[in-house]
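The values are calculated or read from the model by the stated rules, or taken from the named source; none is laboratory data. The structure displayed is predicted, hence computed values, not measured ones. In this analysis, Cβ positions are derived from the backbone assuming ideal geometry, glycine residues included, and neighbour counts consider all displayed protein chains. For accessibility, only protein heavy atoms count, side chains too; no ligands or nucleic acids. Shrake-Rupley method; radii C 1.70, N 1.55, O 1.52, S 1.80 Å.
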Amino acid sequence: MLKVGIHPNVVTFNMIINGACKISDIELGLKLYRKMGIMSMEYINPNSITFNCLINGYSKLGNMKSAESLKDEMTKMGIKPNLITYATLVNGYLRKGCKKDAFRLCSHMVDKGIAPNNVVYNSIIHWLFFEGDTTTASVFLSYMIKTNILFDKFTNSILVTGLSRNGYLNEALDYHKWLVGKNLVDKDLFLENTLVHYLLRSGNESTLKVKQVLDDMIARGLSLDSVTYGSMIDGFSKQGSISNAIRVYDDMIKEGKKPNLVIYNSIVDGLCKNLSVDLAKIMVDELKKLGLFDVVTLNSLLNGFCANWNINEALNLFFQMQEGNLVNEVTYNILVNFFCKIGSIQEGKEIMEMMMVDGVAPNSITYTILVTNAFKKSKVGCYSREEVIELHDDLMVKGVKPDGQTYDKIVGPLIGEESFEIS
């Protein structure tokens with residue numbers, strides 16, 4: 001542009017800065033902002049949009065200190081932060097779990113005469129529900145009602161999802177029923193699929209309520225989509241009701257819906273956990289022919305073999321997975337756990353060594369499996385307390401760190417010579 005005598009204006013700069021921030025190149029965006037005057041014929045002042053783009057970029061990266069400093073900078077330049085500025089900062093702080101800072105900014109915007117809208121409240125309520133703080137979420141919802149701030153479809157989705165994930169399923173169902181009565185539910189099935197998902201996660205007694213949700217969908221002229229079927233198959237599989245999962249799968253096929261890999265993985269995992277490993281193996285063999293499998297599929301089958309004490313099949317599968325480079329930390333942890341459970345801590349350690357050689361980093365779960373099982377053996381005289389501490393030290397040297405809970409329950413007390421029990 002400059003070479004042909006065309007000089008960018010503030011709109012052009014804002015578009016480029018926004019693009020840079022969207023691809024997480026915040027440094028480029030900041031550089032362009034600093035050079036706005038130099039790169040044009042006359043000095044161009046940034047505006048609120050310029051700053052909001054940069055603040056959004058920093059917020060998405062979690063750098064809230066820089067994001068808020070830009071708000072202060074725009075104020076010094078005589079550019080007033082607006083609703084978008086504050087909404088972006090509030091959401092950024094909430095994403096980091098910094099509720100106090102988010103609430104501080106809410107108070108600050110009110111002091112500046114800027115009233116929070118439903119976008120700001122939706123953000124706050126979403127993250128409060130996500131953290132399980134239903135009490136404070138209810139306070140903000142009440143305030144929205146009190147101040148006549150309209151609920152939009154996002155508020156409704158947040159409310160149904162938040163209530164469901166926090167165990168208030170009856171309240172979620174009642175609210176959904178009210179929304180349907182007011183014709184405020186979209187036909188994208190998001191709310192219905194959310195209810196089905198959380199209902200099935202809540203236990204076997206939820207089946208009747210799921211049927212009511214599905215019947216209501218059909219009565220409204222809606223058809224089950226792949227997400228609905230997938231949620232039901234996964235939910236029934238996790239409940240141990242594999243016959244129901246297979247029935248739903250059959251219905252899905254009859255309706256002409258094509259199952260995806262996630263759905264097949266749910267069925268394989270359900271079969272393995274219900275000790276139907278032979279059927280799971282048949283399904284995996286068929287999926288392999290279709291090229292429709294991944295490390296999750298094979299890990300489920302590997303875990304099924306181990307749970308059935310079929311070590312030969314487990315090791316054969318493991319070596320095939322190694323050869324095909326279809327292994328991850330879960331793969332190795334399954335085998336480490338199996339060998340530790342049969343009392344062979346040493347073989348579990350050898351699997352971990354193999355894991356490291358293969359370039360897969362052991363994690364806190366690997367540590368917990370090895371140290372917990374070694375400690376259990378020490379309680380029956382098969383392992384000394386010193387050996388447990390030595391194992392801990394060896395893992396630490398290898399960069400395998402514990403989570404706080406395992407260390408506090410086992411290693412810390414051992415070093416302090418405290419006695420306690422672990423189940």
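Of the residues THR88, THR50, only one is of a type in the set (Val, Ile, Thr) and over 27 Å from SER157 (Cβ atoms); which? Break it down into steps so the answer makes sense when it comes.
On the way: THR88 fails: over 27 Å from SER157 (Cβ atoms).
Criteria check complete, one pass: THR50.
State which residue is modelled with the lowest pLDDT when the search covers only region 373-403 and only residues that are farther than 26 Å from GLY359 by Cα and open to solvent by less than 30 Å² (accessible area, probe 1.4 Å).
The extreme case among them is SER378.
What do you reckon, is ALA172 within 28 Å of GLY270 (Cβ to Cβ), in contact with a Phe, Trp or Tyr (Cβ under 8 Å, 6 or more places away or on another chain) and either of a type outside the set (A, V, I, L, M, F, W, C) or touching a residue at least 24 places away in the same chain (Cβ under 8 Å) (or both)?
Against the criterion (within 28 Å of GLY270 (Cβ to Cβ), in contact with a Phe, Trp or Tyr (Cβ under 8 Å, 6 or more places away or on another chain) and either of a type outside the set (A, V, I, L, M, F, W, C) or touching a residue at least 24 places away in the same chain (Cβ under 8 Å) (or both)), ALA172 qualifies.
Please go through region 70-85 and pick out each residue that is open to solvent by 60 Å² or more (accessible area, probe 1.4 Å) and part of a helix (DSSP H, G or I). So that I can check it myself, show each step before the final result.
Of the residues in region 70-85, the ones open to solvent by 60 Å² or more (accessible area, probe 1.4 Å) are 72, 75-78, 80, 84.
Listed by number, the residues that qualify are ASP72, THR75, LYS76, ILE84.
So LEU279 clears everything in (1) in contact with a Leu (Cβ under 6 Å, 6 or more places away or on another chain); (2) modelled with pLDDT under 90; (3) within 17 Å of LEU301 (Cα to Cα) except one condition, right? Which one?
(2)
Just the residues that are in contact (Cβ under 8 Å) with a residue 24 or more places away in the chain and over 24 Å from the mean Cα position of the chain (by Cα), please, taken from region 127-146.
Residue satisfying the conditions is MET144 alone.
Go through the residues of region 11-26 one by one and say whether even a single one is of a type in the set (Asp, Glu), at pLDDT 85 or above and open to solvent by 100 Å² or more (accessible area, probe 1.4 Å).
Of the residues in region 11-26, the ones of a type in the set (Asp, Glu) are 25.
In the following step, the residues that additionally are at pLDDT 85 or above were identified as 25.
Subsequent filtering for residues that are open to solvent by 100 Å² or more (accessible area, probe 1.4 Å) retains none.
Looking for residues that are of a type in the set (Asp, Glu), at pLDDT 85 or above and open to solvent by 100 Å² or more (accessible area, probe 1.4 Å), one finds none in region 11-26, hence no.
Which of the residues spanning region 108-148 are β-branched (Val, Ile, Thr), open to solvent by 30 Å² or more (accessible area, probe 1.4 Å) and more than 24 Å from LYS71 (Cα to Cα)?
Hits for region 108-148 are THR135, THR136, VAL139, ILE145, THR147.
Output the number of the condition that PHE339 fails; it satisfies all remaining conditions of (1) surrounded by 16 or more Cβ atoms within 10 Å (Cβ to Cβ); (2) among the aromatic types (Phe, Trp, Tyr); (3) more than 22 Å from ASN363 (Cβ to Cβ).
Only one criterion is unmet by PHE339, namely (3).
Among the residues of region 98-121, are any out of contact with any His (no Cβ under 9 Å at 6 or more places or on another chain), polar (S, T, N, Q) and closer than 20 Å to LYS153 by Cα?
Yes, that holds for at least one residue.
Would you mind listing the helices (runs of 4 or more DSSP H) fully within region 258-368 where at least 3 residues are without any contact (Cβ under 8 Å) to a residue 12 or more places away in the chain and within 28 Å of ARG247 (Cβ to Cβ)?
Those helices (runs of 4 or more DSSP H) span 277-290.
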